[in-house]
Amino acid sequence: MSSRRFWVGGNWKMNGSLASNKELLEHFAAATPSGSAEVVIGAPAVYLNQLAQIVPHGWGVAGENCYTQSSGAFTGEVSPEMLKDVGANWVILGHSERRAIFKESDEFVAEKTARALKAGLKVSVCCGELLEEREAGETQKVVDRQLLAVVKALSEEDWENVVIAYEPVWAIGTGKVATPEQAQEVHQAIRQFLAKNVSQAVADNTRIVYGGSVNPKNCVELGQKPDVDGFLVGGASLKPDFVDITKARD
Ligand code: PEP
């Protein structure tokens, strides 16, 4: 196994309340989560301050989006500095729901990634193909295009604070998880892409995590693959047994 620390992110999407967040996080803390994996919970911006105060010891807190500016006349937006101010140390960017529903382009995602890193946040940047793109044999082309925009916006040092989440869109929230072989194939290709377009060191050290219908039952097998360095988990991160996913590689 590699020296890359296993990384497990929860993405609560637009879910939660002060009361339910507290209950779930108290459960996570009591259920002895992994002592070795890096665990981060992404939640709506309005709850980040609460999360920062009550997540289990050592866990990170992530925004699920941010803008490219620090402050100003951008009604409704949240800056990377504001995420930090309320206790977040991570941000999830380029999620397929942001790309599809809010029409975020590869370049915009890349610009946000660069700005968030500059502000001192760590970034989980998402990529992944639609079902029709996979069926057309275009998976790697799509993922390379999405990541090339990010490569162009970042310096080599920036990659130290980036986790790539490969999330095939057809697997998100559908219950249709990629097979461990499908995930490994794309992750390996992403690592080769990083070696070619950034450096061998960045390819070796960057965590590439899989997202898409991960649950406590399928996580162990997926986590055995050499290029699967963890998970980004949506639906299953809102359930008490998310703690089992943090222990997939323990
Ligand atoms: C996600 O939203 O990033 C995700 C992977 O969702 P789910 O685990 O529910 O498929």
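Only one residue in N21, N11 is polar (S, T, N, Q) and within 16 Å of the ligand (Cβ to nearest atom), so which one is that? Talk me through it step by step, then tell me what you get.
On the way: N21 fails: within 16 Å of the ligand (Cβ to nearest atom).
Every option except N11 fails the conditions.
Go through region 177-230 and give me each residue that's among the β-branched types (V, I, T), within 23 Å of K152 (Cβ to Cβ) and outside any loop (DSSP other than H, G, I, E, B).
Step one: filter region 177-230 for residues among the β-branched types (V, I, T), giving 177, 179, 186, 190, 198, 202, 206, 208-209, 214, 220, 228.
Pick out the ones that are also within 23 Å of K152 (Cβ to Cβ) and you get 186, 190, 198, 202, 206, 208-209.
V186, I190, V202, I208, V209 - these are the residues of region 177-230 that are among the β-branched types (V, I, T), within 23 Å of K152 (Cβ to Cβ) and outside any loop (DSSP other than H, G, I, E, B).
Return a yes/no flag: does region 167-175 have any residue that is touching a Phe, Trp or Tyr at 6+ places or on another chain (Cβ under 6 Å) and either part of a helix (DSSP H, G or I) or not acidic (D, E) (or both). Give the steps one after another, and end with the answer.
Taking region 167-175 and keeping what is touching a Phe, Trp or Tyr at 6+ places or on another chain (Cβ under 6 Å), we get none.
Looking for residues that are touching a Phe, Trp or Tyr at 6+ places or on another chain (Cβ under 6 Å) and either part of a helix (DSSP H, G or I) or not acidic (D, E) (or both), one finds none in region 167-175, hence no.
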(Q) Any residue that is closer than 20 Å to P80 by Cβ and in contact (Cβ under 8 Å) with a residue 40 or more places away in the chain - is there at least one of those in region 19-35? (A) no
Q) Looking at (1) in a loop (DSSP other than H, G, I, E, B); (2) within 15 Å of the ligand (Cβ to nearest atom), can you tell me which one S155 breaks? A) (2)
Q. Which one is surrounded by the most Cβ atoms within 10 Å (Cβ to Cβ) among residues in region 93-145 that are farther than 21 Å from K196 by Cβ, touching a Leu at 6+ places or on another chain (Cβ under 7 Å) and among the small types (G, A, S)?
A. A116
(Q) Considering only residues that are closer than 17 Å to I245 by Cβ and among the charged types (D, E, K, R), which ones fall in region 5-56? (A) R5, K13, E38
Q: Take N215 and decide whether it is within 14 Å of the ligand (Cβ to nearest atom) and modelled with pLDDT of 95 or more.
A: yes
(Q) I'd like the residue in region 75-100 that is under 18 Å from the mean Cα position of the chain (by Cα) and part of a helix (DSSP H, G or I) and, out of all such residues, is farthest from the ligand (Cβ to nearest atom). (A) K84
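The values are calculated or read from the model by the stated rules, or taken from the named source; none is laboratory data. Computed from a predicted model, the values in this text were never measured in an experiment. No Cβ is skipped: glycine too gets one built from the backbone with ideal geometry, and neighbour counts run over all protein chains shown.
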